[in-house]
Amino acid sequence: MLSIGIVGLPNVGKSTLFKALTKKQIDIQNYPFTTIDPNVGVVGVPDERLELLAKMSGSAKIVPTAIEFIDIAGLVRGAAQGEGLGNKFLANIREVDAIAQVVRVFDDSNITHVHNKIDPANDIEVINTELIMADLSTIEKRLESARGNDPAKVLEKSVLTKLKENLDKGVLAIGLSFNEKETEVVRELHLLTNKKFIYVLNVSEKQIKDKWEPDEGLKKAMGGNDYVILCTTFELLLSDASPDEQKELLDDLGLKEGGLDSLIKKGYHTLGLLTFLTTGEDETRAWTSHVGDPIPRASRAIHTDFEEKFIRADVINWKELLDIGAHSTGSGQAWGKAKEVGKIRTVGKDYIIQEGDVVEIKI
């Protein structure tokens, strides 16, 4: 399951964002929002294709992919040295796939900024410094034990030294290049600065209406990483609204979708993931794979045995199947018609899975 850790300074909107996520409802029973701990939640990934395919197939249930959000308390300057509850909270997100850093852009005299000024680029620098300091602490402890002349220890010390020298200069671990063996050493460290980053720029409703965009200084601070612009208070309002009310609220701000949906989709893009689908009378389900995966590897999402036992697969794009299904009754007839008109392709082990593929795997 994809996991994203939410970080940021106090009073930037992290709690409101997480609260909106906890209220996010999807009309299914399999992945409604669930609270594992007070600060961990699992949400079904929004995917309009599922309902359309399920209706065509007469599916008994819909199963989306899921995403886990882990919210930690606001970090302050000095968190890595134990200010606030820094180290304890940072440890909670060491194994996430990506980090969503919430950055305050909105101005509100009723909500105090921890630094008494709205300066998004500076806030990013503060948080990144804390993540760097936490990683340096991890590396320095490992360096103490990386002694000896055996090849594994020599390799480990070389990697740790390279990391330390660059982190001391403010260079995040994810910006460094390593060979295959070195990458394995880095992976085992679970460094915070080796995570993919998504910036959540928390603006006001007025700024959304005014089509606010980050300036060059803020873009530089984000280092070319993906970002989402949203208003957390609006997202909370949206999560409480009925579907009709949601459409009205979105229209009022000139939006096609809510910021939470954008954040989830951006998470998939940032991590190089895609969704493929299966559909039938029992269920219509979404599965997650990596961009560039051959279909046998992608089919591991369905069952770990499928990669080894894979023989071939029938594949069709979801839109093509729906178009044919519009003139058929039930998924079986739609699938049969699609085969009849040559829209279903039979593929072998070399086929690269594509976003939106509907598949039947033969093992």
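Overview of results
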{"item": "Yes/no for Leu255 being part of a loop (DSSP other than H, G, I, E, B) and of a type outside the set (S, T, N, Q)", "result": "yes"}
{"item": "The stretch 130-158, residues that are in a helix (DSSP H, G or I) and among the acidic types (Asp, Glu)", "result": "Glu130, Asp135, Glu140, Glu144, Glu156"}
{"item": "The stretch 113-167, residues that are out of contact with any helix residue (DSSP H, G or I) (no Cβ under 8 Å at 6 or more places or on another chain), surrounded by 17 or more Cβ atoms within 10 Å (Cβ to Cβ) and under 19 Å from Arg94 (Cβ atoms)", "result": "Ile127"}
{"item": "Residue within the stretch 69-79 that is closer than 26 Å to Leu189 by Cβ, small (Gly, Ala, Ser), at pLDDT below 85 and touching a Lys or Arg at 6+ places or on another chain (Cβ under 9 Å) present", "result": "yes"}
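Let's see how each residue does on (1) farther than 16 Å from Glu140 by Cβ; (2) of a type outside the set (Phe, Trp, Tyr):
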site: Lys157; (1), (2): no, yes
site: Lys169; (1), (2): no, yes
site: Phe178; (1), (2): yes, no
site: Lys181; (1), (2): yes, yes
site: Val185; (1), (2): no, yes
site: His190; (1), (2): no, yes
site: Leu201; (1), (2): yes, yes
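The values are calculated or read from the model by the stated rules, or taken from the named source; none is laboratory data. Just so we're clear, the structure is a prediction, and the values are computed from it rather than from any experiment. Positions of Cβ are generated from backbone atoms using ideal geometry, with glycine treated the same way; all protein chains shown enter the neighbour counts.
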